[in-house]
Amino acid sequence: MKEIKGKVAVVTGAAMGMGRKLSEFLAADGAKVAMLDLNQKALDEAVKELRAAGAQVYPYALDITQRPQVYATADRVRKEVGAADILINNAGVVYGADFLDCPDEKFAWVMDVNVNGMAWMTKAFLPDMVAKKAGHVVNLASAGGILAVPKLSSYCASKFAVVGFSETLRMEMKKNGLPEIRFTIVCPSYVTTGMFEGVKAPMFTPWMTTEQMAGKIMKAIKKNQDYVLEPFGVKFAPLLKAILSARALDKYNIKLGVARSMDRWTGRK
């Protein structure tokens, strides 16, 4: 999608972190941005700041795990902003614990937000793009959606699901004669959003700022990239997984510090 100006973009988790930065960048390129978030107060503050800078942004508070609420909000966005051209499924949560120590409700919460919420959002807004025979969906996965990380069983399970979900939709659109509906799967390592506070980044995968990642995603939208693998070390993850045995891959992850990266996690719970 080379031209962003005049497009309608929908961003989840838009009040803070990467979602807010993406909303800012999209609006700066001339898009009308529907900003969706669970946190009404933070959302209102973000919209106020962006509007003061001249951005065309519109706040919608909702819980993406509540399917009827998602569909109702999609109807409001169509009436008040327009039919979606771009959907960025950015909202996500994390809980760090060994699987047997992870409370059932926390595991279910991570899966509900990161997988079901993304599915409901996509089902609500993808028909707009089908009607136009064009559009772009960006799904935030993770390097943890390619390689497993101890203490992230729920998160990795959800992000592996995001990758599979996104790849399936891309193939379905092509099969159904809609190749101009593009999908970008974003797989970053640790980003400074506050979700991963206390984590020690592995070797070759330094922390990335929200501004850096949002910039990479914007470039991917404009170039119709299928994947965003960042930082540099993550780009090798699919190859390593393909050529190494499970035992060798585990040793590699231990050596680089992946296996212990979550040991001191204190992020948002």
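The values are calculated or read from the model by the stated rules, or taken from the named source; none is laboratory data. All figures in this text were calculated on a predicted structure; none of them were measured in a lab. For neighbour counting, all protein chains shown are included, and Cβ atoms are generated from backbone atoms with ideal geometry for every residue, glycine included. Side chains included, ligands, DNA and RNA excluded: accessible areas come from the protein's heavy atoms. Shrake-Rupley method; radii C 1.70, N 1.55, O 1.52, S 1.80 Å.
Look at region 194-217 and say how many of its residues are among the polar types (S, T, N, Q), open to solvent by 20 Å² or more (accessible area, probe 1.4 Å) and in contact (Cβ under 8 Å) with a residue 24 or more places away in the chain.
So the count comes out to 1.
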- Do we have any residue at all in region 42-56 that's open to solvent by less than 50 Å² (accessible area, probe 1.4 Å) and of a type in the set (D, E, K, R)? no
- Item | GLY19 vs. criteria among the small types (Gly, Ala, Ser) and open to solvent by 20 Å² or more (accessible area, probe 1.4 Å) | no
- Task: Tell me, please, whether a residue that is among the polar types (S, T, N, Q), at pLDDT 95 or above and open to solvent by less than 50 Å² (accessible area, probe 1.4 Å) can be found in region 27-39.
- Result: no
- Have a look at MET203, MET171, MET213, MET195 and point out the one that is at pLDDT 95 or above and either outside any helix (DSSP H, G or I) or under 22 Å from ARG20 (Cβ atoms) (or both). MET213
- Item | Identity of the residue in region 243-255, part of a helix (DSSP H, G or I) and in contact with a helix residue (DSSP H, G or I) (Cβ under 8 Å, 6 or more places away or on another chain), that ends up surrounded by the fewest Cβ atoms within 10 Å (Cβ to Cβ) | TYR252
- Query: So which pairs qualify, if the first residue must be in region 27-39 and more than 15 Å from ASP63 (Cα to Cα) and charged (D, E, K, R), the second must be open to solvent by 20 Å² or more (accessible area, probe 1.4 Å) and assigned to a loop (DSSP other than H, G, I, E, B), the Cβ gap must be under 7 Å, and the two must be at least 6 apart or on different chains?
  - Reply: ASP29/LYS5; LYS32/GLN56
- Query: Could we say that PRO127 is open to solvent by 10 Å² or more (accessible area, probe 1.4 Å) and not in a helix (DSSP H, G or I) here?
  - Reply: no
- Task: Scan region 180-189 and give yes if some residue there is under 19 Å from ARG264 (Cα atoms) and surrounded by 22 or more Cβ atoms within 10 Å (Cβ to Cβ), otherwise no.
- Result: yes
- So ALA55, is it modelled with pLDDT of 95 or more and not in a loop (DSSP other than H, G, I, E, B): no
- Message: within 18 Å of LYS151 (Cα to Cα) and either modelled with pLDDT of 95 or more or of a type in the set (A, V, I, L, M) (or both): is that true of ALA242 in this structure?
- Response: no
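Residue by residue, here is whether (1) of a type outside the set (Gly, Ala, Ser); (2) more than 27 Å from ASP29 (Cα to Cα); (3) touching a helix residue (DSSP H, G or I) at 6+ places or on another chain (Cβ under 9 Å) holds:
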| position | (1), (2), (3) |
| --- | --- |
| CYS156 | yes, yes, yes |
| LYS159 | yes, yes, yes |
| VAL163 | yes, yes, yes |
| GLU172 | yes, yes, no |
| GLU180 | yes, no, yes |
| PHE183 | yes, no, yes |
| GLY194 | no, no, yes |
| GLN212 | yes, no, no |
| MET218 | yes, no, yes |
- Note on the structure: Counting only residues in region 105-124 that are more than 14 Å from the chain's Cα centre (by Cα) and aliphatic (A, V, I, L, M), the one most open to solvent (accessible area, probe 1.4 Å) is identified as ALA108
- Quickly run through region 192-213 and pick out the residues that are out of contact with any Pro (no Cβ under 7 Å at 6 or more places or on another chain) and among the hydrophobic types (A, V, I, L, M, F, W, C). MET195, PHE196, VAL199, ALA201, MET203, PHE204, TRP207
